[in-house]
Number of protein chains: 2
Amino acid sequence: MPKTLDDIDHRLLALLQQDSGRTLAALGDLVGLSPSAVQRRIDRYRETGLLRREIAVVDPSSALLAVCLVTLDRESPESHRSFREWVQAAPEVQQFYNVSGDHDYVVILATSGMAHHRETAERVIKNAPNLRRYSTMFVLDPIRTTLTVPTR
Amino acid sequence: MPKTLDDIDHRLLALLQQDSGRTLAALGDLVGLSPSAVQRRIDRYRETGLLRREIAVVDPSSALLAVCLVTLDRESPESHRSFREWVQAAPEVQQFYNVSGDHDYVVILATSGMAHHRETAERVIKNAPNLRRYSTMFVLDPIRTTLTVPTR
DNA sequence: TCTGAAAGTTTTCATCC
DNA sequence: GGATGAAAACTTTCAGA
């Protein structure tokens, strides 16, 4: 249970989401806290599950990104379940959302090029049972790619 | 200039994109290299710009995510430029792609709830000059949210 | 209960082989 | 690519507010 976060917590979380490579001392300077106080707060974020992990970000311009919109044929739970499992098994699936509206899923594929993309789309999406509709938008320019979410 | 990456580089980069919290010793064990050799490789990734930074990942289920598809009215460079600037200025814009196909842009908004979303969509997107079409898919379940890209 | 400071431990960095 | 010593960071503990 995340206890109520104060203003310093929000600033700290925003900083960590932008760049977690800073030292505790540097973070402390930025928010006005001692390094140990900063560390205690970060520990709490991890314990409560608010902070999941740290990752290294690779330059996305070296990859081919594609946003795929998927609609399945029916609302049968089995077809959704098997579709999810199939998609989740693919390492090329960078993001995978169940969404509201005309489509059921948004799948963002990250591949090394068009040949790899075609192979992946074929294997991961087009082979899905009960696939009704499927469209692809290729990313021409990844203007911003973050995972930042607001904490308040 | 990324020199040609060998197999160990690819494995190292995959590990770092999954979780960069590991020590050099742990990484070395996983790929069969000494800690200092691992460090040299990581330094090279940073120098060449392949590795941009490290970030902390906050649990996305605490936020309201929305995938917005945007089409502008004309191909006038000015309207695209001003739209980009306007969108880029908003901290709620988690991802922002220029894409091929019927739509011009995909914008993923991360907000604290529906009230925040409506305010943000109004401010960031609906006020755009030359906005032709705009649709929103709310994320019901963020099944996978990574920034992983293939390195080969 | 939370903060800040200091001691002990681990990791990282630079140089050498 | 590996190994070593030096520097830096992190973790733990403890005293104070």
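The values are calculated or read from the model by the stated rules, or taken from the named source; none is laboratory data. These numbers were taken from a predicted model, which means no experiment stands behind them. All Cβ positions, glycine included, derive from the backbone under ideal geometry; neighbour counts span all protein chains shown. Keep in mind that these areas ignore ligands, DNA and RNA; they rest on the heavy atoms of the full protein, side chains included. Shrake-Rupley method; radii C 1.70, N 1.55, O 1.52, S 1.80 Å.
Structure data summary
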| item | result |
| --- | --- |
| The protein assembly as shown, accessible area per residue, ligands and nucleic acids excluded (1.4 Å, Å²) | 49 Å² |
| Global geometry of the range A:60-138, whether rounded, prolate or oblate, following the gyration tensor of its Cα atoms and the 1.5 cut on a/c | prolate |
| Trypsin sites (Lys or Arg not before Pro) within the range A:1-96: DSSP coil, no more than 14 neighbouring Cβ in 10 Å | A:K3, A:R74 |
| 7 Å along Cα→Cβ, label-point gaps from A:E75 to other copies, nm, shortest first | 4.2 |
| Using alpha-carbon coordinates, inclination of helix B:7-18 to the longest axis of chain B, degrees | 50 degrees |
| Nearest 10 degrees, 0 to 90: helix B:77-88 Cα axis against chain B principal axis | 60 degrees |
| Percent of alpha-carbon pairs separated by more than 19 Å within the range B:97-149 | 38 percent |
| Magnitude of the charge dipole, the protein assembly as shown, Cβ model with Lys/Arg +1 and Asp/Glu -1, debye to 20 | 200 debye |
| For A:R133, inter-copy label distances in nm, listed shortest first [label point 7 Å out on the Cα-Cβ vector] | 1.1 |
| For the range A:115-139 and the range A:1-78, distance of Cα centres in Å | 30 Å |
| Chain A, relative contact order in percent, only Cα pairs under 8 angstrom and at least six apart counted | 28 percent |
| Formal net charge of residues neighbouring A:R22 (Cβ-Cβ distance under 13 Å; K, R +1; D, E -1) | -2 |
| Positive-pole candidate from B:Y45, B:V57, B:V139, dipole of chain B, charges at beta carbon | B:Y45 |
| Cα gyration tensor shape for the range B:7-48, rounded if a/c is under 1.5, else prolate or oblate | rounded |
| Of every Cα-Cα pair in the protein assembly as shown, the percent that sits beyond 33 Å | 29 percent |
| Residue of B:T111, B:T71, B:T48 that the Gaussian network model of chain B assigns the largest fluctuation, springs spanning Cα pairs under 10 Å | B:T48 |
| CD proxy at 222 nm, helix term only [per DSSP H run n ≥ 4: -39500 (n - 2.57); per residue of chain B; nearest 500] | -10500 deg cm²/dmol |
| Two-site label geometry, A:D102 and A:R74: point separation in nm, points 7 Å out along Cα→Cβ | 2.4 nm |
| Zone residues, the range A:53-83, relative to B:T48, backbone N less than 20 Å from point 7 Å out along Cα-to-Cβ | A:56-65 |
| Cβ-vector label at 7 Å, B:G101, separations to other copies in nm | 1.1 |
